[in-house]
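Working notes, beginning with the structure itself.
The values are calculated or read from the model by the stated rules, or taken from the named source; none is laboratory data. Bear in mind the structure is a predicted one, so any value in this text is a computation, not a measurement. Cβ placement follows ideal geometry from the backbone for every residue including glycine, while neighbour counts extend to all protein chains displayed.
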Amino acid sequence: MPAVRVTSERPRWRRWSRAVPGLIVVLLLGWVVFDALTEVEVAQPALAAPVIPPLAPLPVAPLPSETAPPATESAVPGPESPCTGRPARTGAPVLAVKIDNVAQARPHTGLEHADIVYVEPVEAGLTRLIAVFCSGAPEVVGPVRSVRETDLELLAQFGRPALAFSGGAPELLPLVDRAPLVRLSPAQAAAGYFRSSDRQMPHNLYARPAVLTASSGAGPVPDLGWRFGDPPEGGVPTPGRSVRYERAEVAARWSPEEARWLVSMDGAPLVTTARSRVGAATVIIQRVPVRSSPYSDVLGYNSPFAGTVGAGEALVLRDGQAFQAKWSRSSPSAATAFSRPSGELMTFARGPVWIVLAPA
């Protein structure tokens, strides 16, 4: 009877069975690392120090008894800004800043100096802001967050604006590259950003507009077709209005003492880090179609698209009154016209304009 040779070598299937758990662990670890690296906004690396001296902690000061006009505005009669109807410096590049608007991002910085502010719906029933500076901007603005598909169509009416944003969905960035705007995220202009040490990521990214726009190539604001002047007849006195989203609310209350609309978010007065109460001379509730987009955030929530080309209903608040209006825009490059039901252009009060994009 031939001898039977016994060896220590196990069958191949047993060797693979022992290796499988290890391979699974490696694959899971690899997926976690990949997911962290592809999370455009949250996993962003720390930014290098700006080329200008670092700022002190963001200022918190009592509201002065008299609010001086922003240094970017003209103190003497001159050309009217197409954005506010006030005398302003002409030829400045248009800068749009995408601003965080969840509770952790407040109070904002520099928002009180914006010429135009858009409120737009984003994923999870929340909102974000786009602050547009047409004739100059403050030293610091923020906190800055990521771009959305809505922004690209909306901002095309400003010619060739600069857009400050933190990042975006990887699938959306090719559209951003082709849009008629100057991209100024930290990837293109790191020197124009810094992170505040008193807030947690991703709510602590701030922009320095002077650094961002120094050689951006962005163009000045074109004629938006807006008209500023006395209110028309037919307004209905109103103390204020609000717009509710799934998980957010924006409201404007008329202040006769300050002769402007004071803005609140989620039931709380909107105040900046300089303790300036944010308000507007004109508030427009623009009813727009809102649909799902092909893009989602890192948590899987779909990013809605608010369409601003077409036509629809609007409500214009000015001088303590509400005016029924209509909006129309023929193409992305065209400006948005706001008119009375009779067809004549609606006039705005001189000063900052807030436009709330509300689902139709």
Checklist line | Some residue of region 110-127 being under 29 Å from P174 (Cβ atoms) and in contact with a helix residue (DSSP H, G or I) (Cβ under 6 Å, 6 or more places away or on another chain) | finding: yes
Next item on the list: Find all pairs meeting these conditions: Cβ atoms under 7 angstrom apart; at least six residues apart or on different chains; first residue within region 238-264 and on the phi > 0 side of the Ramachandran plot; second residue assigned to a strand (DSSP E or B).
Entry: G240/A251; G240/A252; G240/R253; G240/W254
Next item on the list: Search region 241-252 for residues being in contact with a strand residue (DSSP E or B) (Cβ under 7 Å, 6 or more places away or on another chain) and surrounded by fewer than 17 Cβ atoms within 10 Å (Cβ to Cβ), and hand back the single one that is farthest from V353 (Cα to Cα).
Entry: E249
Notebook entry, point to check: Just one of P220, P231, P186 is at pLDDT below 95 and in contact with a Phe, Trp or Tyr (Cβ under 8 Å, 6 or more places away or on another chain); which is it?
Noted result: P186
Next item on the list: Sort out which residues of region 74-125 are assigned to a loop (DSSP other than H, G, I, E, B), under 14 Å from V353 (Cα atoms) and aliphatic (A, V, I, L, M), and write them in order of number.
Entry: A114
Notebook entry, point to check: Got at least one residue in region 273-284 being farther than 20 Å from P82 by Cβ, at pLDDT below 95 and either assigned to a strand (DSSP E or B) or in contact with a strand residue (DSSP E or B) (Cβ under 8 Å, 6 or more places away or on another chain) (or both)?
Noted result: yes
Check: Looking at (1) closer than 16 Å to P93 by Cβ; (2) crowded, with 18+ Cβ neighbours inside 10 Å, which is the only condition P180 fails?
Finding: (2)
Check: Are any residues in region 87-99 modelled with pLDDT of 95 or more and either in contact with an Asp or Glu (Cβ under 7 Å, 6 or more places away or on another chain) or surrounded by fewer than 24 Cβ atoms within 10 Å (Cβ to Cβ) (or both), and if so, which ones?
Finding: K98
Margin query: Tell me whether region 292-306 contains one or more residues that are modelled with pLDDT under 95, in a loop (DSSP other than H, G, I, E, B) and aliphatic (A, V, I, L, M).
Written below: yes
